[in-house]
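For reference, the structure discussed in these notes is given below.
The values are calculated or read from the model by the stated rules, or taken from the named source; none is laboratory data. All values derive from a computational prediction rather than experimental measurement. Positions of Cβ are generated from backbone atoms using ideal geometry, with glycine treated the same way; all protein chains shown enter the neighbour counts.
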Amino acid sequence: MPHDEHPDRPQPWWPAAAVLALALAFHAWAAAGGWKNGNLPGNEFRQTQTALSAMFIQRDGDFSPAYPTPVLGKPWSVPMEFPLYQWTVVKVSDWTGLPLLQAGRAVSLACFYGALAALFPLLGRLGLAAGPRLVVMGFVLTCPLHIFFARAFLIETMALMFSLWFLVAFGRMITAPCWRCLAGAAGFGALAGLVKVTTFSVYLLVAAVWTLSELRRQFAAAGGAGAVRRGAWALGAVVLPVGATLAWTRFADGVKRQNPLADFLVSGNLTNFNFGNVQNRFSAETLGAHWRHLIENMAGPVLLAAAALLLATVSRRWWPQVALCLACYLVPLAVFPTLYAWHDYYSMANAVLLLAGLGVTVAGALSLRLRWLPWALLLLLHLSQAWVYRTRYYEWQRVVSPGGSEMTKAVGLMTEPEEVIVVSGYDWDSSVSFYAGRRALMLRHGTERDRAYFEAAFRVQAGLPVTVFVVRDVEKQDVALLQAAVRRFGLDPRPLFRWQDITVFGRADLRARMTGALREEKKSIELRLDESTRELEPGQTGRRVRTADRFRRERAMFATFSPEPESFYSQYGARPAEEGGRSGLFAHPLTQLWFEVAPGRRTVEAGCLVQAAAYGGPVGDRTDGVEFILETEQPDGTRTRLASLLLQPAQRAADAGWHTLRWQGEVAAGSSLVLSSGPGPAGSFARDWAIIGPVKID
């Protein structure tokens with residue numbers, strides 16, 4: 001690599017700066033598209049895996065290195081990369097109040113711009129002056145891949161940023177050794193290797209080429225001793241990064257081995273996946289995938305053709321730099337063929353090198369004395385890149401979506417946060433777990449018919465609150481799989497609902513709770529409910545329901561009750577309500593609340609209200625009153641009235657507002673207290689809008 005930073009002839013930098021400013025503005029505008037959407041387009045499998053880890057780190061406050069990725073059952077942790085990105089996202093979300101997805105996008109985009117800043121000094125090492133460097137940076141900004149994935153919920157831009165700054169520090173150290181540069185290279189390199197070793201390895205390759213070039217120069221200038229000393233500096237800069245990466249890999253493998261379902265993710269079992277094999281390394285299918293990524297995601301056909309033509313017009317002194325950039329771009333494709341061929345986001349690691357090579361040829365053409373023509377060509381090439389983005393990513397990125405599907409929304413509604421779902425037919429795709437917001441046991445492809453495997457997997461989950469089983473193509477599944485799930489987790493063999501090719505089953509003892517949630521949300525979710533769900537009417541409990549069987553979020557309506565009722569019945573649906581600055585339970589008659597209390601002398605105080613809207617309308621369209629009744633109930637169902645309060649604010653102004661039903665007396669052993677609301681004297685339920693709360697029983 002040349003060490004001077006002088007171009008063929010001085011060039012003004014301000015036109016390039018103006019073009020770069022336009023490219024930066026375009027990138028910021030394009031990257032902001034769909035910013036508030038709840039979906040994660042672009043390899044959703046991997047994005048939701050990262051987002052799921054961040055979600056549970058934030059939810060559980062778990063910042064341990066063995067961070068949660070709850071898709072393969074307990075013990076929930078299957079660490080891949082060191083979770084620096086996830087930790088950063090969670091902290092940004094906590095400190096700023098941003099939703100998790102927007103915090104993830106903000107961190108990714110900030111890291112991308114941090115990586116872009118590292119390019120300026122690096123391009124100087126290629127011999128480019130300020131103006132041509134800005135030209136190259138402009139192409140990095142208008143690269144379609146860099147627009148789309150720069151704001152993805154992925155570790156890619158953080159790994160790229162640390163890798164490029166490692167190279168900046170390493171380049172300064174290898175040409176003019178100093179301890180500060182050595183520390184910078186070692187620190188940035190360690191962070192890059194921990195965040196994503198495959199990205200760091202690309203820039204280790206560049207550092208190796210740089211080192212060989214410098215060793216040759218030192219040997220010519222100072223002999224073998226000088227070359228050895230310089231090599232020792234280079235070795236010192238990579239000892240910490242390599243050591244930290246190996247130590248993390250050993251730790252992560254140890255954690256994965258604690259989960260019998262995660263053995264396939266241990267690094268030794270991923271060798272063929274990561275590095276490919278002789279058959280697929282240069283197969284027509286793999287090479288075709290690389291070519292499609294090149295012309296569809298990174299450098300459109302216009303830029304590629306222009307760069308090829310311009311290369312013949314620029315000084316030959318630039319050819320080695322161009323060749324070096326292109327070679328360092330191509331080597332990772334040969335080393336990691338599967339990763340780069342079938343995961344487009346992987347090219348975030350080496351696309352910068354490709355664009356640097358192409359950009360050098362374009363920047364070289366700017367030195368030609370053709371007045372305004374080279375700058376017009378530069379703008380045209382940027383427009384061609386923008387057009388590739390428009391046709392490839394624009395619509396996809398801007399599809400308005402809350403995230404997930406009708407199915408994942410329903411699963412989230414009918415389960416509690418601490419409950420666990422089992423999923424078959426999705427491999428170990430984290431999207432179901434993430435969008436539903438629940439821990440999951442995912443049965444990987446090929447295991448659904450392995451009876452020994454899924455029986456063992458179910459045994460491992462013993463003691464967990466597994467409440468839902470999501471099955472894709474249930475007709476094609478092994479009957480023994482459903483039978484085992486029903487037996488192990490107490491599932492109801494009757495489906496709760498069907499959505500597209502998905503069938504969802506729930507735990508038998510929670511069926512009323514789950515079907516009630518589905519019925520209440522049916523107006524906003526397009527599901528095919530099973531016939532058995534018709535046992536409940538919309539908005540009704542339909543029968544006495546144990547409070548413990550309701551969702552925690554539903555039980556918030558009892559927040560002002562002490563103690564919480566053991567069970568309740570609501571003819572028209574219970575929900576939280578507030579009036580006059582006080583909160584309670586909406587208790588339209590007939591509402592009944594059962595309290596289990598210890599025998600002895602007890603004091604009951606219950607706030608009671610008839611809502612103003614119930615008697616504020618025209619005469620003839622008002623409530624005739626609501627009666628609030630406290631009774632004791634014997635085990636055989638016999639009740640004895642203890643106290644009552646009749647409120648008729650339409651007839652008596654003094655009955656408006658809040659009132660208190662009070663009672664003090666003895667409660668016999670085995671008896672329950674029942675607090676209820678009933679219609680007024682005429683027995684009419686019309687506009688009997690009432691609230692009960694707070695309730696205190698001492």
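How many residues does the range 660-698 contain that are more than 47 Å from the chain's Cα centre (by Cα) and among the basic types (Lys, Arg)?
Here the count works out to 1.
Please work out which one of (1) touching a residue at least 24 places away in the same chain (Cβ under 8 Å); (2) part of a helix (DSSP H, G or I); (3) more than 29 Å from the chain's Cα centre (by Cα) is the condition ASN297 fails and give its number.
That leaves (3) as the condition not met.
Quick test for you: out of ALA452, ALA365, ALA410, pick the one residue that is over 25 Å from MET158 (Cα atoms) and free of Cβ contacts under 8 Å to residues at least 24 places away in the same chain. Even if it seems obvious, please write down each step before you answer.
Working: ALA365 fails: free of Cβ contacts under 8 Å to residues at least 24 places away in the same chain; ALA410 fails: free of Cβ contacts under 8 Å to residues at least 24 places away in the same chain.
Only one candidate qualifies: ALA452.
Among the residues of the range 508-539, which ones are under 27 Å from the mean Cα position of the chain (by Cα) and modelled with pLDDT of 75 or more?
Of everything in the range 508-539, those that are under 27 Å from the mean Cα position of the chain (by Cα) and modelled with pLDDT of 75 or more turn out to be MET514, ALA517, LEU518.
Out of all the residues in the range 658-697, which are more than 16 Å from ALA643 (Cα to Cα), at pLDDT 90 or above, surrounded by 14 or more Cβ atoms within 10 Å (Cβ to Cβ) and hydrophobic (A, V, I, L, M, F, W, C)?
Once the filter is applied, which keeps residues that are more than 16 Å from ALA643 (Cα to Cα), at pLDDT 90 or above, surrounded by 14 or more Cβ atoms within 10 Å (Cβ to Cβ) and hydrophobic (A, V, I, L, M, F, W, C), the range 658-697 yields TRP658, TRP689, ALA690, ILE691.
If you check ARG250, ARG216, which single one turns out to be part of a helix (DSSP H, G or I), out of contact with any strand residue (DSSP E or B) (no Cβ under 6 Å at 6 or more places or on another chain), among the basic types (Lys, Arg) and over 28 Å from THR50 (Cα atoms)?
On the way: ARG250 fails: over 28 Å from THR50 (Cα atoms).
Being part of a helix (DSSP H, G or I), out of contact with any strand residue (DSSP E or B) (no Cβ under 6 Å at 6 or more places or on another chain), among the basic types (Lys, Arg) and over 28 Å from THR50 (Cα atoms) holds for just one of ARG250, ARG216, which is ARG216.
Look at the range 334-377 and say how many of its residues are hydrophobic (A, V, I, L, M, F, W, C), in a loop (DSSP other than H, G, I, E, B) and modelled with pLDDT of 85 or more.
Applying the first criterion (hydrophobic (A, V, I, L, M, F, W, C)) to the range 334-377 yields 334-336, 339, 341-342, 348-349, 351-356, 358, 360, 362-363, 365-366, 368, 370, 372-373, 375-377.
If we keep only those that are in a loop (DSSP other than H, G, I, E, B) too, we end up with 336, 349, 366, 368, 370, 372.
With modelled with pLDDT of 85 or more added as a condition, the list becomes 336, 349.
Residues that pass the stated criteria total 2.
Got a number for residues in the range 227-241 being among the small types (Gly, Ala, Ser) and buried (at least 18 other Cβ atoms within 10 Å of the Cβ)? Walk me through how you get there before you give the answer.
Initially, the range 227-241 is screened for residues among the small types (Gly, Ala, Ser), giving 227, 231-232, 234, 236-237.
Add one more test, that the residue is buried (at least 18 other Cβ atoms within 10 Å of the Cβ), and what stays is 227, 234, 237.
Residues meeting the conditions: 3.
So SER53 ticks every box in (1) among the hydroxyl-bearing types (Ser, Thr, Tyr); (2) more than 23 Å from ARG257 (Cα to Cα); (3) surrounded by 16 or more Cβ atoms within 10 Å (Cβ to Cβ) but one. Which box is left unticked?
SER53 satisfies every listed condition except (2).
So, VAL322, is that one part of a loop (DSSP other than H, G, I, E, B) and either at pLDDT below 90 or touching a Leu at 6+ places or on another chain (Cβ under 6 Å) (or both) or not? Working first, answer last.
Values: part of a loop (DSSP other than H, G, I, E, B): no; either at pLDDT below 90 or touching a Leu at 6+ places or on another chain (Cβ under 6 Å) (or both): yes.
In short, no.
Scan the range 72-114 for residues that are of a type in the set (S, T, N, Q) and surrounded by 22 or more Cβ atoms within 10 Å (Cβ to Cβ) and report the count.
Step one: list which residues in the range 72-114 are of a type in the set (S, T, N, Q), which gives 77, 86, 88, 93, 96, 102, 108.
Right, trim to surrounded by 22 or more Cβ atoms within 10 Å (Cβ to Cβ) and you get 77, 86, 108.
Matching residues across the range 72-114 total 3.
How many residues does the range 204-233 contain that are without any contact (Cβ under 8 Å) to a residue 24 or more places away in the chain and of a type in the set (Ser, Thr, Tyr)?
Counting residues in the range 204-233 that are without any contact (Cβ under 8 Å) to a residue 24 or more places away in the chain and of a type in the set (Ser, Thr, Tyr) gives 0.
Yes or no, residue by residue, for (1) among the aromatic types (Phe, Trp, Tyr); (2) more than 19 Å from LEU212 (Cα to Cα); (3) buried (at least 17 other Cβ atoms within 10 Å of the Cβ); (4) under 34 Å from the mean Cα position of the chain (by Cα):
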residue: ALA225; (1), (2), (3), (4): no, no, no, no
residue: GLY243; (1), (2), (3), (4): no, yes, no, yes
residue: TRP248; (1), (2), (3), (4): yes, yes, yes, yes
residue: LYS256; (1), (2), (3), (4): no, yes, yes, yes
residue: TRP291; (1), (2), (3), (4): yes, yes, no, yes
residue: ALA306; (1), (2), (3), (4): no, yes, yes, no
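Restricting the first residue to the range 555-570 and requiring it to be free of Cβ contacts under 8 Å to residues at least 24 places away in the same chain, which pairs with a second residue that is of a type in the set (Phe, Trp, Tyr) and surrounded by 17 or more Cβ atoms within 10 Å (Cβ to Cβ) meet a Cβ separation below 8 Å and a spacing of at least six or different chains?
So the pair list comes out as GLU564/PHE558.
Can you tell me which of GLY38, GLY73, GLY34 is in contact with a strand residue (DSSP E or B) (Cβ under 8 Å, 6 or more places away or on another chain) and modelled with pLDDT under 95? Give the derivation first.
Numbers: GLY38 fails: in contact with a strand residue (DSSP E or B) (Cβ under 8 Å, 6 or more places away or on another chain); GLY34 fails: in contact with a strand residue (DSSP E or B) (Cβ under 8 Å, 6 or more places away or on another chain).
The conditions single out GLY73.
For the condition modelled with pLDDT of 95 or more, of a type in the set (Gly, Ala, Ser) and within 17 Å of HIS27 (Cα to Cα), what is the one hit in ALA118, ALA150, ALA159, ALA103? Don't jump to the end; show me each part of the working.
Details: ALA118 fails: within 17 Å of HIS27 (Cα to Cα); ALA159 fails: within 17 Å of HIS27 (Cα to Cα); ALA103 fails: within 17 Å of HIS27 (Cα to Cα).
From the options ALA118, ALA150, ALA159, ALA103, the qualifying one is ALA150.
From the list VAL674, VAL695, VAL604, which one is farther than 24 Å from TYR572 by Cα, assigned to a strand (DSSP E or B) and either touching a residue at least 60 places away in the same chain (Cβ under 8 Å) or out of contact with any Ser or Thr (no Cβ under 8 Å at 6 or more places or on another chain) (or both)? Can you show your working first?
Details: VAL674 fails: farther than 24 Å from TYR572 by Cα; VAL695 fails: farther than 24 Å from TYR572 by Cα.
Answer to the check: VAL604.
Could you tell me whether ASN280 is farther than 30 Å from PHE251 by Cβ, modelled with pLDDT under 85 and in a helix (DSSP H, G or I)?
Details: farther than 30 Å from PHE251 by Cβ: yes; modelled with pLDDT under 85: yes; in a helix (DSSP H, G or I): yes.
Yes; evaluated as a whole, the condition is true for this residue.
Mind listing whichever residues of the range 369-405 are surrounded by fewer than 16 Cβ atoms within 10 Å (Cβ to Cβ) and within 30 Å of GLY506 (Cβ to Cβ)?
Scanning the range 369-405 gives SER401, PRO402.
For the range 271-289, which residues satisfy the criterion of being crowded, with 17+ Cβ neighbours inside 10 Å and free of Cβ contacts under 8 Å to residues at least 60 places away in the same chain? Break it down stepwise before answering.
As a first pass, look at the range 271-289 and keep what is crowded, with 17+ Cβ neighbours inside 10 Å: 276, 281, 286, 289.
If the condition is that a residue be crowded, with 17+ Cβ neighbours inside 10 Å and free of Cβ contacts under 8 Å to residues at least 60 places away in the same chain, then ARG281, THR286, ALA289 are the ones that fit.
Considering each residue of the range 132-173, count those that are over 22 Å from ALA21 (Cβ atoms), β-branched (Val, Ile, Thr) and either in contact with a Cys (Cβ under 6 Å, 6 or more places away or on another chain) or crowded, with 24+ Cβ neighbours inside 10 Å (or both), and give that number.
So the answer is 1.
Which members of the range 409-436 meet the condition of being of a type outside the set (Phe, Trp, Tyr), crowded, with 18+ Cβ neighbours inside 10 Å, part of a loop (DSSP other than H, G, I, E, B) and within 18 Å of the chain's Cα centre (by Cα)?
Within the range 409-436, ASP429, SER430 qualify.
Go through (1) in contact with a strand residue (DSSP E or B) (Cβ under 6 Å, 6 or more places away or on another chain); (2) in a loop (DSSP other than H, G, I, E, B) for GLY403 and report which single condition fails.
Single failed check for GLY403: (1).
Would you check if there is a residue in the range 378-396 being outside any helix (DSSP H, G or I), more than 30 Å from PRO70 (Cα to Cα), touching a residue at least 12 places away in the same chain (Cβ under 8 Å) and in the same structural domain as PRO320 (by TED's automatic domain parsing)? Explain how you work it out, then say what you get.
Residues of the range 378-396 that are outside any helix (DSSP H, G or I), as a first pass: none.
Checking the range 378-396: not a single residue is outside any helix (DSSP H, G or I), more than 30 Å from PRO70 (Cα to Cα), touching a residue at least 12 places away in the same chain (Cβ under 8 Å) and in the same structural domain as PRO320 (by TED's automatic domain parsing).
Specify which of the listed residues (ALA103, ALA115, ALA129, ALA110) is in contact (Cβ under 8 Å) with a residue 60 or more places away in the chain and over 17 Å from ASN350 (Cβ atoms).
Working: ALA103 fails: in contact (Cβ under 8 Å) with a residue 60 or more places away in the chain; ALA115 fails: over 17 Å from ASN350 (Cβ atoms); ALA110 fails: in contact (Cβ under 8 Å) with a residue 60 or more places away in the chain.
Checking each option against the conditions leaves just ALA129.
Taking ASP624 and the conditions (1) crowded, with 16+ Cβ neighbours inside 10 Å; (2) under 27 Å from SER562 (Cα atoms); (3) in contact with a Gly (Cβ under 7 Å, 6 or more places away or on another chain), which numbered condition does it fall short on, given that it satisfies the others?
(2)
Mind listing whichever residues of the range 320-338 are buried (at least 20 other Cβ atoms within 10 Å of the Cβ), under 25 Å from SER283 (Cβ atoms) and in contact (Cβ under 8 Å) with a residue 40 or more places away in the chain? Full working, then the answer.
Our first condition is that a residue be buried (at least 20 other Cβ atoms within 10 Å of the Cβ); within the range 320-338, this holds for 321-322, 324-325, 328-329, 332-333, 336-337.
Remaining after also requiring under 25 Å from SER283 (Cβ atoms): 328-329, 332-333, 336-337.
Once the filter is applied, which keeps residues that are buried (at least 20 other Cβ atoms within 10 Å of the Cβ), under 25 Å from SER283 (Cβ atoms) and in contact (Cβ under 8 Å) with a residue 40 or more places away in the chain, the range 320-338 yields CYS328, PRO332, LEU333, PHE336, PRO337.
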